[in-house]
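In what follows, a single structure is set out as structure tokens and then discussed.
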Amino acid sequence: MRILVLNAHPDQGSFSDAVAAAYVEGAGEMGHEVKSVMLRELQFDLVLRGGYHSNKPLEPDIAQQQELISWCQHLVVISPNWWWAAPALLKGYVDRVFLPEFAMRYHARFPYVEPLLRGRSARVIYTQNSPRLVGWLFRGDLFWRWISHAVLGHCGFHPVRRLAMYGAKDASAACKSHFLDSARKLGRGGA
Ligand SMILES: Cc1cc2nc3c(=O)[nH]c(=O)nc-3n(C[C@H](O)[C@H](O)[C@H](O)COP(=O)(O)O)c2cc1C
């Protein structure tokens with residue numbers, strides 16, 4: 001399995017870094033071909049300027065991300081949940097990389113959207129402080145719905161699955177170790 005792992009946490013040494021490392025380690029053990037990207041290390045303007053009408057050439061790092069996404073069979077997005085949404089780094093990445101004619105094509109007639117990244121699956125691993133019920137009941141599971149339906153599903157990824165790590169910030173060492181084991185196990189399975 002060709003796996004692309006995107007780590008969207010802005011800080012080095014974050015728990016997301018440990019999660020990404022565990023996933024990559026597990027995938028490597030089973031001989032999957034894995035490429036990892038730290039979004040914070042990419043050189044690109046986070047803001048999509050001129051919408052979809054800009055003629056400006058893509059920065060090399062953006063063009064390379066499109067190549068990597070085309071290359072992969074399975075995409076893994078690792079991110080904290082901030083404000084029930086994506087950190088700006090991940091939102092900017094989506095705005096800049098998942099462009100029309102690469103990720104989707106829009107048509108004037110029904111069904112209006114043609115996903116261009118079909119044939120790939122995805123896994124979203126995210127950390128948040130709140131318990132599952134709070135996010136689901138009071139915030140409509142917003143981060144998950146956005147990334148799974150509005151972004152990845154919209155562009156053709158299927159299935160899109162999640163591993164949510166609730167209460168991640170203040171989790172006990174045992175709980176964090178359990179989270180890391182879960183990520184490693186998913187890596188082994190290329191899932
Ligand atoms: C700017 C910011 C916004 C956050 N918003 C939320 C939130 O809306 N819901 C939530 O459950 N946790 C929220 N958190 C907590 C983070 O999700 C949590 O600290 C993180 O997932 C733990 O991973 P880390 O230690 O690698 O940063 C927020 C944290 C920050 C810094």
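Does residue 43 satisfy the criteria of being open to solvent by 60 Å² or more (accessible area, probe 1.4 Å) and either among the β-branched types (Val, Ile, Thr) or in contact with a Leu (Cβ under 9 Å, 6 or more places away or on another chain) (or both)?
Considered against the rule, which asks whether it is open to solvent by 60 Å² or more (accessible area, probe 1.4 Å) and either among the β-branched types (Val, Ile, Thr) or in contact with a Leu (Cβ under 9 Å, 6 or more places away or on another chain) (or both), residue 43 comes out as no.
I'd like the full set of residues that are in a strand (DSSP E or B) and under 21 Å from residue 11 (Cα atoms), limited to segment 145-181.
Result: 163, 164, 165.
Kindly evaluate residue 112 against the criterion of being without any contact (Cβ under 8 Å) to a residue 12 or more places away in the chain and either open to solvent by less than 70 Å² (accessible area, probe 1.4 Å) or more than 13 Å from the chain's Cα centre (by Cα) (or both).
yes
Please specify each residue of segment 74-129 satisfying the condition of being assigned to a loop (DSSP other than H, G, I, E, B), under 20 Å from residue 9 (Cβ atoms) and away from the ligand (no atom under 15 Å from the Cβ).
98
State the number of residues belonging to segment 120-140 that are within 29 Å of residue 70 (Cα to Cα) and open to solvent by 80 Å² or more (accessible area, probe 1.4 Å).
Selection size over segment 120-140: 0.
Please list, ordered by first then second residue, the pairs with beta carbon atoms under 8 Å, 6 or more apart or interchain, first in segment 173-191 and closer than 16 Å to residue 21 by Cβ, second open to solvent by 70 Å² or more (accessible area, probe 1.4 Å).
184/25; 187/25; 187/29; 187/30; 188/29; 188/30
Might you let me know whether segment 52-62 holds any residue that is surrounded by fewer than 20 Cβ atoms within 10 Å (Cβ to Cβ), within 16 Å of the ligand (Cβ to nearest atom), over 13 Å from the mean Cα position of the chain (by Cα) and not hydrophobic (A, V, I, L, M, F, W, C)?
Within segment 52-62, not a single residue is surrounded by fewer than 20 Cβ atoms within 10 Å (Cβ to Cβ), within 16 Å of the ligand (Cβ to nearest atom), over 13 Å from the mean Cα position of the chain (by Cα) and not hydrophobic (A, V, I, L, M, F, W, C).
Restricting to segment 146-170, count the residues that are more than 16 Å from the ligand (Cβ to nearest atom), within 13 Å of residue 125 (Cα to Cα) and of a type in the set (A, V, I, L, M).
The total comes to 1.
Would it be correct to say that residue 142 is under 15 Å from the mean Cα position of the chain (by Cα), within 21 Å of residue 73 (Cα to Cα), modelled with pLDDT of 95 or more and aliphatic (A, V, I, L, M)?
no
Might you let me know whether segment 11-19 holds any residue that is under 25 Å from residue 120 (Cα atoms), more than 13 Å from the ligand (Cβ to nearest atom), surrounded by 17 or more Cβ atoms within 10 Å (Cβ to Cβ) and of a type in the set (Val, Ile, Thr)?
no
Since residue 173 meets every condition but one in (1) within 16 Å of the ligand (Cβ to nearest atom); (2) at pLDDT below 95, which condition does it not meet?
Failing condition for residue 173: (2).
The values are calculated or read from the model by the stated rules, or taken from the named source; none is laboratory data. Computed from a prediction, not measured in an experiment: that's the story for all the values here. Ideal geometry is used to build each Cβ from the backbone, glycine not excepted, and the neighbour counts take in all protein chains shown. Side chains are part of the model used for accessible areas, which takes the heavy atoms of the whole protein and leaves out ligands, DNA and RNA. Shrake-Rupley method; radii C 1.70, N 1.55, O 1.52, S 1.80 Å.
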